[in-house]
1. Among what's in region 96-118 and is touching a helix residue (DSSP H, G or I) at 6+ places or on another chain (Cβ under 7 Å) and under 12 Å from Val52 (Cβ atoms), pick the residue that is surrounded by the fewest Cβ atoms within 10 Å (Cβ to Cβ).
2. Just give me the residues in region 7-29 being of a type in the set (Ser, Thr, Tyr) and surrounded by fewer than 23 Cβ atoms within 10 Å (Cβ to Cβ), in sequence order.
3. Quick one: in region 30-49, which of the residues that are of a type outside the set (S, T, N, Q) and crowded, with 24+ Cβ neighbours inside 10 Å is nearest to the chain's Cα centre (by Cα)?
4. Looking only at region 119-135, which residues are aliphatic (A, V, I, L, M), in contact with a helix residue (DSSP H, G or I) (Cβ under 6 Å, 6 or more places away or on another chain) and more than 25 Å from Arg7 (Cβ to Cβ)?
5. Report every pair of residues separated by at least 6 positions or lying on different chains whose Cβ atoms are under 7 Å apart, first residue within region 2-18 and on the phi > 0 side of the Ramachandran plot, second buried (at least 18 other Cβ atoms within 10 Å of the Cβ) and of a type in the set (A, V, I, L, M, F, W, C).
6. In the set Ala261, Ala209, which member is in contact (Cβ under 8 Å) with a residue 12 or more places away in the chain, small (Gly, Ala, Ser), in a helix (DSSP H, G or I) and more than 26 Å from Ala164 (Cβ to Cβ)?
Amino acid sequence: MTKWMIRGLETHVDIWNEDGEYTVVALHGFTGSSATWHNLAKTLPHIRVIAVDLIGHGQTAIPQHVQRFSMEEQLQDLEELFCQLHLEKFTLLGYSMGGRIALSYAITYPDRIHRLILESASPGLRTIEEQNERCKRDEALAQKIMTNGILSFVNAWENIPLFASQQRLPKTVRETIREERLSQKEEGLAGSLRGVGTGVQPSNWDRLAQLEIPVLLITGSLDEKFCKIALEMKALLNTVKHLTVNDAGHAIHVENPAEFATIVEEYLT
């Protein structure tokens, strides 16, 4: 576990399996952290896994200004980090919010990416109306987090329909996820919603066709919304594969970690 000074922001990075023959950079989802990927790294000892705490999350410093959370800023941060890590070409994996950031990075810096793996991710929203509506909802949620605190937010967040299938997980797994969410800071999550939420990020729908790199889309069969998004993305991407994991919801890497690790390994090798 290391801290890197990236464009004035202390950034937390975990690196596992240093001598791995392949390199995967992994980006977590909203309320997550680099710890999300520890199990994946343990399961795949011959793959170097580099996990970043994205802005507003984990142990990465929280910026003062909401603009510093923006997609554009975060992409510049990642590029600077990869330069400091002397990474030339690698596989980029992103889950949910991390998937939106990973896709945006791959579109902006396509020469860096060997392959792109998107788990339950979207290219953003298509229309200005949808974006405005989502911005309002994210702003309301950000205000609620700041007013009521992390505990109140996590109690509500873990019960949203998107995570319904996680209620079936073993108690220890659910507790680990809860602890990771509770370890976040109010201003970090609020800033993330305001700066890089789905409504505020630039839409990537019309840029999918320009991606030449191979893309793997992974969705859980119980997550109907993101299965539908993946099918729509598949129609627009050039070199693409879409895998659906049966009886899993939004967070496949948590709900079926063994199958998720197998999918990643087979795709890389």
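1. Among those residues, the one meeting the criterion is Tyr105.
2. So the first thing to find is which residues in region 7-29 are of a type in the set (Ser, Thr, Tyr), and the list is 11, 22-23.
Tyr22, Thr23, listed by residue number.
3. Initial filter on region 30-49 (of a type outside the set (S, T, N, Q)): 30, 32, 35, 37-38, 40-42, 44-49.
Now narrow it down to the ones that are crowded, with 24+ Cβ neighbours inside 10 Å: 32, 37, 49.
Working: Gly32: 8, Trp37: 11, Val49: 14 Å.
Restricting to residues being of a type outside the set (S, T, N, Q) and crowded, with 24+ Cβ neighbours inside 10 Å, the top hit is Gly32.
4. As a first pass, look at region 119-135 and keep what is aliphatic (A, V, I, L, M): 121, 125, 128.
From the residues that got through so far, the ones that are in contact with a helix residue (DSSP H, G or I) (Cβ under 6 Å, 6 or more places away or on another chain) too are 121, 125.
Selection gives Leu125 alone.
5. Pairs that qualify, where the first residue is on the phi > 0 side of the Ramachandran plot and the partner is buried (at least 18 other Cβ atoms within 10 Å of the Cβ) and of a type in the set (A, V, I, L, M, F, W, C), are Asn17/Ala41; Asn17/Ile47; Asn17/Val49.
6. On the way: Ala261 fails: more than 26 Å from Ala164 (Cβ to Cβ).
From the options Ala261, Ala209, the qualifying one is Ala209.
Throughout, read-outs are computed from the coordinates displayed, never taken from laboratory work. Remember, it's a predicted structure, so these values are computed and weren't measured experimentally. Because the Cβ atoms are built from the backbone with ideal geometry, glycine has one as well, and the counts that use them run over all protein chains shown.
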